[in-house]
Structures are given as C-alpha cells and as structure tokens.
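Structure, as structure tokens:
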C-alpha cells in the first residue's frame with residue numbers, strides 16, 4: 001500500500017541486460033561503492049543474478065530491497081552465488097497488520113520465511129519497517145522477533161509522501177507520536193543489546209532523529225555525546241542529489257526515489273554527464289542550506305540534518321525551501337546552543 005513506486009504492473013521498455021550492465025559500468029566509473037536493487041520486486045527480474053555477478057566482477061556491491069514473499073530457498077541460494085551482499089525485507093508489523101498493509105493474508109508468513117531462506121543461504125538479512133500510527137505500537141514485538149529469529153539489523157523508515165505513501169499521509173505520526181516512537185525504539189535497543197544480543201537499529205528518512213538522539217545521549221550519557229554527534233556529522237544528513245541517485249527501470253535518473261524531477265536518461269546521456277550537469281534542481285539540492293526559510297534556516301542541527309525530506313516538503317507545501325513537515329524538534333531545541341563539548345578537539 002505504501003510502496004513509493006506506486007505500480008501494479010511490469011514496465012514496458014525496461015533496461016535490457018546489456019543496458020543494465022552498461023549502467024553498472026558507469027556507476028562503478030563514478031566511484032559508487034554499491035547499488036540497491038528495488039522495485040517492485042527485484043527478484044522477479046529474470047537477469048537479476050546475472051547482473052549481481054557482473055557487478056561483483058567490476059567491484060560494485062549489490063544490495064536488494066525485497067518484500068521477501070518470492071524468496072524461495074533456491075532464489076536465496078542464487079542470490080548468494082551472485083554475490084548479493086545484503087537484502088532488506090519489508091515487514092510492516094505483526095501478521096494481521098502487515099497482511100492488511102500488503103493486501104495479502106499470507107504476506108507476513110511468506111516474508112518471514114523469505115528472510116529465513118536468505119539467512120540460511122549466508123546472506124546478511126535485515127528488516128525494513130515503515131512506521132505509521134497503525135503499526136508503531138508493534139515495534140517492540142518486531143524487535144523481539146528479530147532477536148528470536150537470529151537477525152541482526154532493523155531499519156525503521158519514516159513515511160515518505162511519494163507513490164502510495166501519499167495515500168497514507170493521514171496515518172503518519174504526529175510530532176508527539178514520533179518522539180514517543182523514537183523514545184521506545186531507543187529504550188528497546190538499549191535493553192536488547194544490554195542482554196548480549198547484537199541488534200543494529202537504524203532510523204531512515206527523518207534526520208530530526210539524529211538531533212533528537214544526540215540530545216537524549218547528551219542527557220543520559222554525556223561522555224558519549226561528542227562521538228555520537230561526530231558520527232551524525234560524518235553521515236552528512238539528507239543526501240539526495242549528492243550521495244544518492246535513483247535510476248528507474250526505464251533508465252530515467254532522479255535525485256532520489258521520492259523526488260520525481262527527472263534529471264535525464266542514461267539511454268541518451270551517460271550517468272556522469274547527467275550527474276555533473278548544471279541542472280537547476282540538482283543545484284538547489286546541493287546548495288539547499290542557502291535557500292531554506294523558516295526553522296531550518298535557524299536550526300543549530302542543520303549540519304547533521306540538511307533540512308530533512310525535500311519530498312515531504314514538496315508534497316505538503318509545494319515549496320522546496322520549506323522545513324520538512326515531519327520535523328518534530330521544538331523551537332527551544334532548535335535554538336539552544338550546541339553543547340560546548342562539541343566545540344573542542
């Protein structure tokens with residue numbers, strides 16, 4: 001229901017195997033360390049394993065984002081043989097919730113079995129969870145499930161207002177709900193890892209999380225605050241149009257999968273030419289700090305956030321320069337001086 005692609009049918013005119021290999025060559029030539037195959041469902045593409053093997057030959061790591069439901073033991077084995085290094089499987093709640101989201105009564109069991117098949121084939125496997133009002137209360141149980149099943153990575157995605165995600169905007173979290181969800185996630189992560197379980201937990205798609213988590217650490221464990229802030233600083237905040245590009249099945253290039261301003265097509269120009277062009281939208285993304293209005297322009301955390309999601313800002317306000325509507329930081333948090341500790345070596 002909330003896939004950003006928003007499609008139900010296969011595309012006509014998708015890149016051929018040779019065109020896809022040429023694309024991989026161009027990405028490797030640009031220094032890209034990895035490529036994420038998504039969809040739709042990447043494991044339904046007939047040549048996906050051939051492309052995985054080719055990517056490995058040219059030094060490009062392939063990651064896949066899958067719904068898991070089609071991942072049989074054979075597909076998992078083929079993925080491992082092809083060198084696919086990591087697969088994130090989407091599961092958006094416990095059985096009843098996930099099956100409703102996915103529109104299938106078997107989606108939960110099939111996705112979980114797909115994860116097991118990938119794990120048993122030796123592929124690092126994690127869970128992708130898109131958080132809404134309908135499922136946020138199930139996150140602790142999902143985390144317990146991962147520990148029980150022997151999985152070690154959870155990526156919690158904030159809802160992006162793109163594709164089918166637009167239909168769910170009214171089910172997105174309020175600022176108070178979002179804070180409580182991050183608090184619960186933080187608390188449960190500490191609890192699990194303090195019991196000698198190794199569960200890596202990431203939040204994705206809302207860089208206000210970085211500021212909020214830093215402030216929590218500063219309050220609860222001040223000795224770690226500086227290293228936490230520096231970690232977020234190295235991460236660099238929202239990076240669409242700079243560290244991130246999206247190429248669809250037709251070869252169209254975008255700044256991210258959520259921003260639908262087309263930059264060019266790799267059938268007509270090389271990726272490098274498109275990425276290094278003087279495109280106005282790319283320029284705005286790469287110089288966004290100078291364009292922001294409102295609280296982003298005054299925020300002390302801008303260097304670790306960079307304004308958050310431009311897709312949400314455009315969807316809600318139709319204005320690139322406005323704050324991310326899902327930012328939940330208060331005015332006091334935005335303007336309070338950064339802890340003095342961070343200003344020293």
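A few remarks follow.
- Potential lengthening of the chain between residue 148 and residue 219 amounts to 22.4 nm, from the contour at 0.36 nm per residue minus the alpha-carbon distance.
- With distances taken between every two different alpha-carbon atoms, the range 116-230 has a Kirkwood hydrodynamic radius of 15.4 Å.
- Of 207, 100, 108, the one that fluctuates the most in a GNM where the chain has Cα springs shorter than 10 Å: 100
- Helical content alone sets the calculated 222 nm signal of the chain at -11500 deg cm²/dmol, taking -39,500 (n - 2.57) per DSSP H segment of four or more residues and averaging over every residue.
- For the range 17-204, the relative contact order is 16 percent, taking Cα pairs closer than 8 Å that sit 6 or more residues apart in sequence and dividing their mean separation by the residue count.
- Projected label points at residue 179 and residue 124, each 7 Å from Cα along the beta carbon direction, are separated by 3.5 nanometres.
- Candidates 187, 53, 179: whichever shows maximal mean-square fluctuation once the chain is modelled as a Gaussian network with Cα springs under 10 Å: 187
- Gained length - residue 57 relative to residue 260, 0.36 nm times residue gap less alpha-carbon distance: 69.9 nm
- Here the chain carries DSSP beta bridges of which approximately 15% are antiparallel, counting only pairs with both residues inside.
- Sorting 35, 143 from the fewest to the most surrounding beta carbons within 10 angstrom yields 35, 143.
- Estimated distance in nm for a label pair at residue 96 and residue 109, the labels positioned 7 Å out from Cα along Cα-to-Cβ: 1.7
- The chain pair-distance distribution - Cα-Cα, 20 Å bins, rounded %: 28, 60, 11
- Distance between the range 269-324 and the range 14-62 - C-alpha centres, whole angstrom: 28
- Whole-number percent relative contact order across the range 182-243, with pairs defined as alpha carbons under 8 Å at least 6 apart: 22
- Segment residue 197-residue 81, extension gain: residue separation times 0.36 nm, minus the distance between their alpha carbons: 38.9 nm
- Here the Gaussian network model covers the chain, with springs between Cα atoms less than 10 Å apart; of 170, 252, 206, 170 fluctuates the most.
- Computed over the chain: relative contact order in percent, which uses C-alpha pairs under 8 Å that are six or more apart: 15
- Each residue of the range 17-204 gets 130 Å³ once the volume of the Cα convex hull is shared out per residue.
- A Förster radius of 25 Å, combined with the Cβ-Cβ distance separating residue 46 from residue 277, puts the computed FRET efficiency at roughly 0.15.
Rule-based calculations on the coordinates, nothing more; no lab input. As the structure is a prediction and not an experimental result, all values here were calculated from the model. Neighbour counts are summed over all protein chains in view; Cβ atoms, including those assigned to glycine, are modelled from backbone coordinates with ideal geometry.
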